[in-house]
Amino acid sequence: MASLLRTVCASVLRPTQLMRPSELQQVRSFSILSKINVCNVLASPSPSAPIQIPVRTFKDMDVLTKRCKDCYFKKDDDRWYVLCKTHGRHKQRQRLPDKRHFWIVTHRTHGPRKNF
């Protein structure tokens, strides 16, 4: 009884993987299963599909903190970094301030140009 129930549940959840190609031909023409190509279901992913490689990049932080005993600070190119030997997800770097906050704005740059 349990094996029958398991088979029925599996066929409901994944019907195309459990059916034979001859059984797929017998499915009604208006059914969604009739439009599935067996070769496409069983084929491996194509090599042209993009493969995502996980990369652990730096988190830009205002305040840097050590997250474990192996984290350490390093300064390079006028910016502080937190690097970790054991956990790549602990990498942080100091956020640089926006250059627009340091612009010197004089009376010449305010408002529209006036023709006197």
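The values are calculated or read from the model by the stated rules, or taken from the named source; none is laboratory data. If you're wondering where the values come from, they're calculated on a predicted model, not measured in any experiment. Cβ atoms come from the backbone with ideal geometry, glycine included; neighbour counts cover every protein chain shown.
Of all the listed residues (P45, P54, P15), the sole one being modelled with pLDDT of 65 or more and not small (G, A, S) is P54.
Pairing each residue of segment 75-94 that is over 14 Å from T57 (Cα atoms) with any residue that is at pLDDT below 95 and acidic (D, E), provided the two are 6+ apart or on different chains, yields no C-beta distance under 9 Å. State which residue is farthest from V63 (Cα to Cα) when the search covers only segment 95-108 and only residues that are part of a loop (DSSP other than H, G, I, E, B) and without any contact (Cβ under 8 Å) to a residue 24 or more places away in the chain. It comes out as T106. Looking across segment 57-78, just one residue is of a type outside the set (A, V, I, L, M, F, W, C), surrounded by 13 or more Cβ atoms within 10 Å (Cβ to Cβ) and part of a strand (DSSP E or B), and that is K59.
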